[in-house]
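The values are calculated or read from the model by the stated rules, or taken from the named source; none is laboratory data. The structure presented is a predicted model; accordingly, all values stated were derived computationally and were not measured. Here the Cβ positions follow ideal geometry from the backbone for every residue, glycine too, while neighbour counts run over all protein chains shown.
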Amino acid sequence: MPFSKFKEHIKQNLPFLKESKLLIAISGGLDSVALTHLCHKLDLNISLAHCNFNLRGNESDGDENFVLQLSEDLDVEVFIESFDTNTYAKDNKLSTQMAARALRYNWFEDIANQLQFDYVLTAHHADDNLETFLINLSRGTGLEGLKGIPEVNDNIVRPLLPFSREDIIAYAEENKITWREDSSNASTKYMRNKLRHDVIPVLKEMNPQFLQNFNKTQGFLKDSKAIIDDSISNLISEGVVKLTENGMKFNISILKKFDNPKAYLYQLMNGYGFSEWNNVVQLMDAQSGKQLFSKDWRLIKDRDCLLLSEISSEEKDVITIYESDKQIETPFGVLNIKDVDAVSDKQSNSIYVDKETLEFPLKLRKKQEGDYFHPLGMSGKKKLSKYFKDEKLSLIDKENIWLLCSGAQIVWVINRRADNRFKVAGNTTQIIQIKLR
């Protein structure tokens, strides 16, 4: 790979790197060392970041010393971090490879944020991209997985992605660049190494143009994915997808009118972590209330819709409001409480109550079994479950409703209905306005 070819690639496809502060992730191996030399020769504003994962004893320390010497030779800034990778993997129940990856990228993000680096450069190349493609293919993936490694992903940039390993070796040898060999790369116990040593060489032997043809195919796949994304975005205007306060709603009846609703549903659900795809499809014909969970998302069948909402572990079960509180931060907004002289602008996001009827401290909580209240404007009481049913609330809407309570009594089904027992009457002397903002 001539330097001129790399220079032209940056000029045509990644020109923003020339005006940016860059952090190069460097292991000491061929790829990252070659990338460092290329960027240095191009006079980019670079610093180096090296992770010592302490997995290969003296060899790991040798890599660190090599990177330190390289930074001195090139007169560039270097950051070194040492990790207890095995302990981190055990504590977080991760494989060694996944633990190292998490530690690496978390550290890069911290450095970039603290020292205001615009981009982190990694040395992934075309052969890495092919390996990733084959790994995703073997595990079963959609079009997203077959697109391979993105050249730009947020602040992560991979300038060597169009170039092969042979290109990089040729550049290093021509310029007499030295690098470190990682002995673990020779092991075939990992799938990626087995593909690298046993599978891909056979494919290249069968067809010397295999890698070039693969790159062309990936370009076609990315173009196809862009067309699909445009089509999916149009589903909002067609009524299939509706953004809600708590997530998204998918209209099953409209979705089924398409020639291949299963394919559309896959594209809509892709990226939310649902692994059992057949269960997602079957949910369209399941009874209301049937739910599926991924790590961060929940999908519920509700009448003729599928409701997607994010699972949050941050919401508190109960929030206490003391008499002296005037402003309360909640998971659903800010409650303002103030004394007023009279009832004025009646809106669904505020209520007026007789202060003498309240028992402080008040509580904010979710619905409980057997809850009932006395809806304002009606005589008698009503079960909260019946009120929700009459209001035709979805399952997710029900679960996201909060109640303002005085003792065991409901004062306000927030943003929906006040309770008659706490209303301002003719003999009320102290009026409180409670408003959600």
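Do we find that Gln287 is exposed (fewer than 11 other Cβ atoms within 10 Å of the Cβ) and either closer than 30 Å to Arg139 by Cα or outside the structural domain of Asn400 (by TED's automatic domain parsing) (or both) in this structure?
Values: exposed (fewer than 11 other Cβ atoms within 10 Å of the Cβ): yes; either closer than 30 Å to Arg139 by Cα or outside the structural domain of Asn400 (by TED's automatic domain parsing) (or both): yes.
Here the answer is yes, as Gln287 does meet what is asked.
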| Residue count, region 149-175 (criterion: modelled with pLDDT of 95 or more and basic (Lys, Arg)) | 1
| request: Quick one: count up the residues across region 210-241 that are among the basic types (Lys, Arg) and surrounded by 14 or more Cβ atoms within 10 Å (Cβ to Cβ). | output: 2
| said: Pull out all pairs, ordered by first then second residue, where Cβ-Cβ is under 9 Å, the residues are six or more apart or on different chains, the first lies in region 418-433 and is aliphatic (A, V, I, L, M), and the second is surrounded by fewer than 16 Cβ atoms within 10 Å (Cβ to Cβ) and part of a strand (DSSP E or B). | reply: Ile431/Asp339; Ile431/Val340; Ile432/Lys338; Ile432/Asp339; Ile432/Val340
| query | When you look at Asp223, is it part of a helix (DSSP H, G or I) and not assigned by TED's automatic domain parsing to the domain that holds Pro150, yes or no? | reply | yes
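Given the structure, is Ser20 surrounded by 14 or more Cβ atoms within 10 Å (Cβ to Cβ) and either assigned by TED's automatic domain parsing to the domain that holds Thr188 or farther than 22 Å from Arg192 by Cβ (or both)?
Details: surrounded by 14 or more Cβ atoms within 10 Å (Cβ to Cβ): yes; either assigned by TED's automatic domain parsing to the domain that holds Thr188 or farther than 22 Å from Arg192 by Cβ (or both): yes.
Answer is yes for this residue.
Among the residues of region 96-113, is there at least one that is under 30 Å from Gln267 (Cβ atoms) and in contact with an Asp or Glu (Cβ under 7 Å, 6 or more places away or on another chain)?
no
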| Among the helices (runs of 4 or more DSSP H) contained in region 5-91, which hold 2 or more residues that are among the β-branched types (Val, Ile, Thr)? | 30-41, 85-91
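Looking at this structure, is Asp397 in contact (Cβ under 8 Å) with a residue 24 or more places away in the chain and in the same structural domain as Asn336 (by TED's automatic domain parsing)?
Judged against the criteria, Asp397 is a match.
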| query | Which one of these does Asn92 not meet: (1) loosely packed, with under 15 Cβ neighbours inside 10 Å; (2) over 22 Å from the mean Cα position of the chain (by Cα); (3) of a type outside the set (Asp, Glu)? | reply | (2)
| request: Could you list all residues from region 130-144 that are within 23 Å of Pro159 (Cβ to Cβ) and in contact with a Phe, Trp or Tyr (Cβ under 8 Å, 6 or more places away or on another chain)? | output: Leu130, Phe133
| message | Go through region 242-301 and report how many residues are over 20 Å from Ser231 (Cβ atoms) and not hydrophobic (A, V, I, L, M, F, W, C). | response | 21
| said: So, in region 147-194, how many residues would count as being closer than 19 Å to Leu42 by Cα and of a type in the set (Phe, Trp, Tyr)? | reply: 2
| query | helices (runs of 4 or more DSSP H) wholly in region 234-284 with at least 3 residues that are within 22 Å of Leu395 (Cβ to Cβ) and either at pLDDT 85 or above or not assigned by TED's automatic domain parsing to the domain that holds Asp302 (or both) - which ones? | reply | 252-255, 277-282
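For the structure I just gave you, tell me whether Asp229 is over 30 Å from Asn58 (Cβ atoms) and within 28 Å of the chain's Cα centre (by Cα).
Details: over 30 Å from Asn58 (Cβ atoms): yes; within 28 Å of the chain's Cα centre (by Cα): yes.
In short, yes.
So is Leu203 under 15 Å from His125 (Cα atoms) and of a type in the set (A, V, I, L, M, F, W, C) or not?
On the way: under 15 Å from His125 (Cα atoms): no; of a type in the set (A, V, I, L, M, F, W, C): yes.
Spelling it out, it is not the case that Leu203 is under 15 Å from His125 (Cα atoms) and of a type in the set (A, V, I, L, M, F, W, C).
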| message | Here's a check for you: in region 143-177, which residue that is among the small types (Gly, Ala, Ser) and over 23 Å from Tyr190 (Cα atoms) is surrounded by the fewest Cβ atoms within 10 Å (Cβ to Cβ)? | response | Ala170
| remark: For Phe117, the lone unmet condition from (1) modelled with pLDDT under 95; (2) hydrophobic (A, V, I, L, M, F, W, C); (3) surrounded by 15 or more Cβ atoms within 10 Å (Cβ to Cβ) is (1)
| request: Pick out the one residue from Asp127, Asp118 that is touching a residue at least 24 places away in the same chain (Cβ under 8 Å), among the charged types (D, E, K, R) and either outside the structural domain of Pro201 (by TED's automatic domain parsing) or in contact with a strand residue (DSSP E or B) (Cβ under 6 Å, 6 or more places away or on another chain) (or both). | output: Asp118
| Count - residues of region 380-396 that are assigned to a helix (DSSP H, G or I) and either aliphatic (A, V, I, L, M) or buried (at least 17 other Cβ atoms within 10 Å of the Cβ) (or both) | 5
